[in-house]
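This report refers to the structure that appears directly beneath it.
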Amino acid sequence: MNKKEKFNRICQNIKAVKIQGAKNIAKAALYAYSLFPTKKTKQKLLSLRPTEPLLINVLNRIEKVPYEKILEHFNNAQDQINLYVCKLIRNSAIIFTHCHSTNVVQALIYAKKKNKKFQVYNTETRPLYQGRKTARELRKAGINVTTFIDAAAAIALEKKQRTKKVSLVFFGADAILKTGVINKVGSGLFAEVAYKNKIPVYIIADSWKFFPKNLKIEERDFREVWKKAPKNIKIRNPAFEKIEKKYIKAIVSELGILPYSKFLKKVNK
Ligand code: RUB
């Protein structure tokens with residue numbers, strides 16, 4: 001495959017969510033940009049997933065910070081996050097998560113390696129089923145996983161129908177805004193249910209996901225939801241939604257386990 005084909009393949013895979021999650025998207029885009037570092041390719045890469053500030057932040061840094069340094073930041077941030085997440089997990093914990101977040105999954109795998117005893121409840125995450133990827137990766141690491149259909153998230157969180165009490169909710173983040181966190185659609189609703197049930201919600205995310213401006217919420221092709229839907233039925237397919245700040249106990253980033261206001265102070269300085 002020549003450089004141009006490689007670049008186009010990465011773009012297609014990001015657009016089709018074959019490469020997914022803020023961190024994987026940013027890393028792949030960074031590599032693609034290194035193949036063709038022009039204004040045009042940067043614009044193209046930025047247009048692929050409009051709700052991804054990590055992608056924006058990384059591509060804006062690339063002129064000033066060497067490629068390797070950015071990758072080093074990702075690795076160091078993950079190492080720090082792993083240590084903080086480990087501190088939050090008590091023995092016999094049940095951790096609820098949604099979609100697929102590399103920051104979350106890697107931290108859970110690290111905790112398992114450190115002999116923490118816990119299990120995970122996760123959602124399948126329609127329409128693209130990123131929850132299956134989460135379940136597979138966690139199970140491969142020896143972690144017990146129970147997958148729920150999305151609409152049963154409240155059953156999982158509220159200790160109904162033979163489920164056990166969830167101890168912690170871990171969500172990844174696409175964007176950390178001043179007013180709340182943007183993550184996979186469903187996260188806002190699940191956070192509200194968790195909050196009402198006094199289950200702490202933690203955002204596990206690299207601090208470079210902070211974004212001081214408003215963001216467009218990506219709306220995806222209706223065919224992901226219903227391929228051959230009858231004509232005249234409108235289908236909405238928003239990819240993300242906001243988790244209100246008040247539902248979030250803390251943000252776990254390389255900067256520490258910080259309540260929202262403290263996190264904002266650190267990144268805004
Ligand atoms: C993925 C998603 C993830 C965040 C964080 O959505 O919402 O929770 O991107 O991921 P999609 P990470 O599958 O639509 O990209 O921790 O990997 O950066």
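The values are calculated or read from the model by the stated rules, or taken from the named source; none is laboratory data. Owing to the predicted nature of the structure, the values given are computational and were not obtained by experimental measurement. When we count neighbours, we look across all protein chains shown, and the Cβ atoms used for this are built from the backbone with ideal geometry, even at glycine. Only protein heavy atoms, including side chains, enter the accessible area calculation; ligands, DNA and RNA are left aside. Shrake-Rupley method; radii C 1.70, N 1.55, O 1.52, S 1.80 Å.
If you count the DSSP beta bridges with both ends in the chain, what percent of them are antiparallel, to the nearest 5?
Once the DSSP bridges in the chain are tallied, antiparallel ones form about 35 percent.
When the dipole is taken about the Cα centre of the chain, and only Lys, Arg (+1) and Asp, Glu (-1) are charged at their Cβ, what size is it in debye, to the nearest 20?
On the way: 56 positive and 20 negative charges, 46 e Å.
Charge dipole of the chain: 220 debye, to the nearest 20.
Compute the Cα gyration tensor for segment 3-65, then decide on rounded, prolate or oblate, letting a ≥ b ≥ c be the square roots of its eigenvalues: rounded whenever a/c is under 1.5, prolate when a/b is larger than b/c in the other cases, and oblate in all that remain.
Numbers: a/c = 1.64, a/b = 1.08, b/c = 1.52.
It is oblate, given that a/c is not under 1.5 and a/b is not larger than b/c.
Which loop-located chymotrypsin sites (Phe, Trp or Tyr not before Pro) does segment 199-269 contain, where loop means any DSSP state but H, G, I, E or B and the Cβ has at most 13 other Cβ atoms within 10 Å?
Passing both the DSSP loop test and the Cβ count: Trp226.
Would you mind checking Lys18/Lys42; Lys69/Lys133; Lys18/Lys242; Lys15/Lys87; Lys140/Lys164 for any pair whose Cα atoms are more than 25 angstrom apart?
Lys69/Lys133; Lys15/Lys87
Remind me, relative contact order of the chain in percent, using alpha carbon pairs under 8 angstrom and six or more residues apart?
18
Helix-derived [θ] at 222 nm for the chain: sum -39500 (n - 2.57) over DSSP H runs of at least 4, divide by residue count, nearest 500? Provide the component values of the computation, followed by the final result.
On the way: 10 runs with 115 residues, N = 269.
Only helices count here, giving -13000 deg cm²/dmol.
Which of the aspartates and glutamates could a cross-linker bridge to Lys3, judged by Cα under 17 Å and excluding same-chain residues fewer than eight apart?
Reachable aspartates and glutamates: none.
For Lys265, go through the lysines and keep the ones whose alpha-carbon is under 18 Å away, minus same-chain ones fewer than eight residues off.
Of all the lysines, those that pass the test against Lys265 - Cα under 18 Å, at least 8 places apart if same chain - are Lys178, Lys209, Lys213, Lys245, Lys246, Lys249.
For Asn237, list long-range residues whose amide hydrogen, built 1.01 Å from N in the peptide plane, is under 5 Å from its own amide hydrogen.
Arg220
Given a 1.4 angstrom probe, what's the average accessible area per residue across the chain, in square angstrom?
Counting only protein heavy atoms, the per-residue value for the chain is 52 Å².
So for the chain, taking the charge dipole from beta-carbon charges (+1 Lys/Arg, -1 Asp/Glu), which of Asn60, Asn115, Val85 sits furthest toward the positive end?
The one lying farthest along the dipole's positive direction is Asn115.
Find, among the GluC sites (Glu not before Pro) in segment 49-147, those assigned to loop by DSSP (not H, G, I, E, B) with at most 16 other beta-carbon atoms within 10 angstrom.
Here the GluC sites (Glu not before Pro) that fit, given the DSSP loop and packing criteria, are Glu63.
When a/c reaches 1.5 or more, the comparison of a/b and b/c decides; with that in mind, is segment 89-169 rounded, prolate or oblate per its Cα gyration tensor? Walk me through the intermediate numbers first.
Values: a/c = 2.10, a/b = 1.15, b/c = 1.82.
Oblate, since a/c reaches 1.5 and b/c is not below a/b.
Give me the net charge of Lys23's neighbourhood, meaning all other residues with Cβ under 11 Å from the Cβ of Lys23; Lys, Arg count +1, Asp, Glu -1.
-1
Count neighbours as other Cβ atoms within 10 Å of each site's Cβ, and list the trypsin sites (Lys or Arg not before Pro) in segment 125-161 that are DSSP loop with at most 12 such neighbours.
Of the trypsin sites (Lys or Arg not before Pro), the ones in loops of segment 125-161 whose Cβ has at most 12 other Cβ atoms within 10 Å are Lys160.
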